[in-house]
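Quick notes on the structure that follows.
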Amino acid sequence: MRLARVVGSVVATRKQPSLTGAKLLLAQPLDAGGVPAGDTQLAIDAVGAGPGEIVLLVLEGRAAGAALGRPGAPVDAAIVGIIDPRDPAAP
């Protein structure tokens, strides 16, 4: 799993049938300091993430497909969580 920032969305006029209805987003992986690290990834969104949000990105096909509830779907990356930017010490 990696941290990433959602940097855009993708519209597909055709998708593999097992991905019908899935939202496609572009996610930029981040290092521990929040600095972009590596290439932007095309990811299936499982949690309703949006542009600018920091998310948890699963980069393993089998785990990504399982996280989406679409086992066997051709998925390399999935967004499985949104990071809450609030200070954990705040009420």
Somewhere in segment 24-46, is a residue assigned to a loop (DSSP other than H, G, I, E, B), closer than 24 Å to Gly69 by Cβ and under 10 Å from the mean Cα position of the chain (by Cα)?
-> yes
Here are some residues: Val7, Val35, Val55, Val47. Which one is aliphatic (A, V, I, L, M), crowded, with 19+ Cβ neighbours inside 10 Å and either at pLDDT 90 or above or over 14 Å from Ala78 (Cα atoms) (or both)?
-> Val55
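The values are calculated or read from the model by the stated rules, or taken from the named source; none is laboratory data. Since the structure is predicted, the reported quantities are computational estimates derived from the model, not experimental observations. Counting neighbours? That spans all protein chains shown, and the Cβs are built from the backbone with ideal geometry, glycine included.
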